[in-house]
Amino acid sequence: MRIGHQGVQIVVTGMGLVCALGNCLEQVWQRLLRSESAIALGQPFPELPPRPLAQIGPNPACLNQLLEPVVTRALKDAGLVPPLPDGGVVIGSSRAHQGKLEQLARQFCQNPRGGDGDWGVNWLDLLPHTPAIATARQIGATGPVMAPMAACATGIWAIAQGFELIRTGQCQQVVVGAAEAP
């Protein structure tokens, strides 16, 4: 896709995707063409009743385990090989690690002092900006790293911010996207 603005050509050169419909663009596209849905009764938390959900797997997904292969596929599709030191990163997330935060909250409620004061995870590692930082590390980027949060518009906002980084000459290439693992 080419987007022109004031003489600047912006080109999407690669894409990666993981969602409840599939683990790659082709699989998701084919399922969409067949009008398939990924919504089914399910529940990753046994104490709660089943609900109509679109899950990637039977258990809550780990955001970093989802994000790394998606970035790898997008780079491969674009013909890029890390490191991309001058590249920018705009990976948005509103709910990021919500499933992990809920598990941490359950552990805290069961044992507020955490035994030795450790619940097995640092809550700071579960904030919504961590997918952008993880992507920057993965691709070796030293350019701008942005982490927009705009609820359902997070992905489109990430694309807009990536566009601006290129249009203003701050970057020649930007990895953009959105990642959630609620």
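The values are calculated or read from the model by the stated rules, or taken from the named source; none is laboratory data. Fair warning: this is a prediction, and the values are worked out from it, not measured in the lab. Cβ atoms come from the backbone with ideal geometry, glycine included; neighbour counts cover every protein chain shown. Each accessible area value is taken on the protein alone, full model and side chains, heavy atoms only, with ligands, DNA and RNA left out. Shrake-Rupley method; radii C 1.70, N 1.55, O 1.52, S 1.80 Å.
Assorted remarks:
- Residues of the range 6-36 that turn out to be open to solvent by less than 70 Å² (accessible area, probe 1.4 Å) and at pLDDT below 90, as a count: 3
- Residues being touching a residue at least 60 places away in the same chain (Cβ under 8 Å) and either open to solvent by 40 Å² or more (accessible area, probe 1.4 Å) or assigned to a loop (DSSP other than H, G, I, E, B) (or both) are entirely absent from the range 106-124.
- Qualifying residue in the range 147-160 (condition: open to solvent by less than 70 Å² (accessible area, probe 1.4 Å), more than 20 Å from M15 (Cβ to Cβ) and without any contact (Cβ under 8 Å) to a residue 40 or more places away in the chain): no
- One residue stands out among those in the range 107-138 that are touching a helix residue (DSSP H, G or I) at 6+ places or on another chain (Cβ under 7 Å) and at pLDDT 85 or above: the one that is nearest to A178 (Cα to Cα), which is P131.
- Consider the range 161-182 and keep the residues that are under 27 Å from P58 (Cβ atoms) and of a type outside the set (A, V, I, L, M). The one that is surrounded by the fewest Cβ atoms within 10 Å (Cβ to Cβ) is P182.
- The single condition among (1) under 30 Å from E164 (Cβ atoms); (2) without any contact (Cβ under 8 Å) to a residue 12 or more places away in the chain; (3) open to solvent by less than 60 Å² (accessible area, probe 1.4 Å) that Q43 does not satisfy is (1).
- Only residues that are open to solvent by less than 70 Å² (accessible area, probe 1.4 Å) and either over 11 Å from the mean Cα position of the chain (by Cα) or of a type in the set (A, V, I, L, M) (or both) were counted in the range 125-144, giving 12.
- Residue within the range 87-103 that is open to solvent by 40 Å² or more (accessible area, probe 1.4 Å) and in contact with a Cys (Cβ under 7 Å, 6 or more places away or on another chain) present: no
- Tally, over the range 48-95, of residues that are within 19 Å of L17 (Cα to Cα) and among the acidic types (D, E): 2
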